[in-house]
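Following: one structure in structure tokens, then a few remarks.
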Amino acid sequence: MSLIVVGSMAFDTIETPFGKSDKIIGGSAVYVAYAASNFVQPVQQVSIVGYDFPKEEMQTLISRGVQLDGVEIVSDKKSFFWSGKYHMDMNTRDTLVTDLNVLADFNPIIPETYQGTEFLMLGNLMPSLQKKVIEQLRNRPKLIVLDTMNFWMDTALNDLKKVIKLVDVLLVNDSEARQLSNEFSLVKAARKILQIGPKYLIIKKGEHGALLFNESSVFFSPALPLEDVFDPTGAGDTFAGGFIGHLAKTKDVSFNNMKTAIIVGSAMASFCVEKFGTQRLKEITKSDIDARLNEFVQLVNFDIDLV
Ligand code: AMP
């Protein structure tokens with residue numbers, strides 16, 4: 001069983017209505033790896049860090065079954081830095097700073113030991129680099145999932161469309177789906193986006209759950225109503241990690257199994273938001289995950305007598 005995860009490894013500073021973090025560890029590939037490693041190991045990471053990325057954080061990832069052979073360490077540059085500020089509803093945020101640093105001249109190289117992977121998770125990163133990774137794989141994986149964000153729609157739309165054509169599943173949030181399609185209705189947006197090429201589209205709607213589309217069907221997963229949400233950063237990546245982790249574990253890429261996978265993704269994301277950064281993801285155990293999945297089952301379980 002194998003899963004390659006590509007994305008950023010970063011320092012973040014985050015401001016929410018409830019608090020502010022110092023520089024903490026983040027990055028799309030870090031969140032994906034923490035989530036996915038609960039379901040499948042090894043996770044084969046592809047990323048880049050600078051001299052300032054803590055060795056202990058690398059060790060913690062390794063202890064979770066995350067291989068770092070594909071993570072380049074640049075000795076004279078800083079790691080990627082991102083800073084964001086959330087509004088009162090926590091569903092919307094402003095990016096305050098994106099310092100690409102080492103990411104600016106990243107040229108991902110897939111180690112020979114990663115060849116033959118069955119699952120590829122392209123976490124949020126420059127679209128041209130996501131495409132380069134696909135091109136380096138000698139055998140096309142069974143499933144390629146792509147996550148992206150508005151930043152790349154604003155700055156690299158053509159490259160983004162090229163890579164979207166090559167993947168099986170695209171993950172975006174609702175405002176990104178609208179931006180990409182120029183449609184307000186998410187159903188119309190989904191139809192247009194699926195025409196670009198992917199067979200499946202997942203539209204994340206923050207605390208309002210997530211929609212899974214294919215050409216003819218739609219399925220909905222709620223988000224767990226939580227009393228406290230401290231920090232939504234990484235929730236999308238954590239969702240992606242749970243989603244692909246479940247598919248890789250079960251080796252079943254049918255629409256039916258993707259329904260379960262978006263529930264698993266939603267359950268993992270519900271942990272992520274409970275504390276700042278990756279903290280909560282580092283604490284949870286298999287029994288916490290099982291209990292939370294049961295809460296999801298109960299949340300949507302009902303009987304009806306049709307009249
Ligand atoms: P999410 O909240 O799931 O969108 O993910 C937030 C994480 O993505 C943060 O930890 C950031 O370090 C990382 N991130 C933010 N912007 C970018 C970007 N343009 N490219 C790659 N990673 C990013």
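The values are calculated or read from the model by the stated rules, or taken from the named source; none is laboratory data. On a predicted model such as this, the values are computed, not experimentally measured, just so you know. No Cβ is skipped: glycine too gets one built from the backbone with ideal geometry, and neighbour counts run over all protein chains shown. The area values use the complete protein model at the heavy-atom level, side chains included, leaving out ligands, DNA and RNA. Shrake-Rupley method; radii C 1.70, N 1.55, O 1.52, S 1.80 Å.
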Label point distance in nm, K251-E57, each placed 7 Å from Cα along Cα→Cβ:
3.5
Please work out the Cα convex hull volume for the chain and give it in Å³ per residue.
135
What is the Cα centroid distance between the stretch 202-237 and the stretch 1-75, reported in whole angstrom?
22
If I model a spin label as a point 7 Å beyond the Cα along the Cα-Cβ vector, how far apart are those points for D76 and D305 in nm?
7.8
Fluctuation leader among E118, E215, E15 - the chain, Gaussian network, Cα springs under 10 angstrom:
E215
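What is the Rg over Rh value, at two decimals, for the stretch 207-250, using alpha-carbon atoms and the Kirkwood definition of Rh?
1.02
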Rounded to the nearest 500, the 222 nm mean residue ellipticity computed for the chain from DSSP H runs (n ≥ 4, each -39500 (n - 2.57)) alone is -11000 deg cm²/dmol
Which shape class applies to the stretch 66-121: rounded if a/c is under 1.5, otherwise prolate when a/b exceeds b/c and oblate if not, where a ≥ b ≥ c are the square roots of the Cα gyration tensor eigenvalues?
oblate
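Of the accessible area of the stretch 116-265, with the probe set at 1.4 angstrom, what percent is carbon plus sulfur?
Result for the stretch 116-265: 49 percent of the exposed heavy-atom area is carbon or sulfur.
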So what does the Cα-only Debye profile of the stretch 1-116 read at q = 0.14, 0.15, 0.20, 0.21 Å⁻¹, as log10 I(q)/I(0), no solvent term?
-0.61, -0.69, -1.08, -1.15
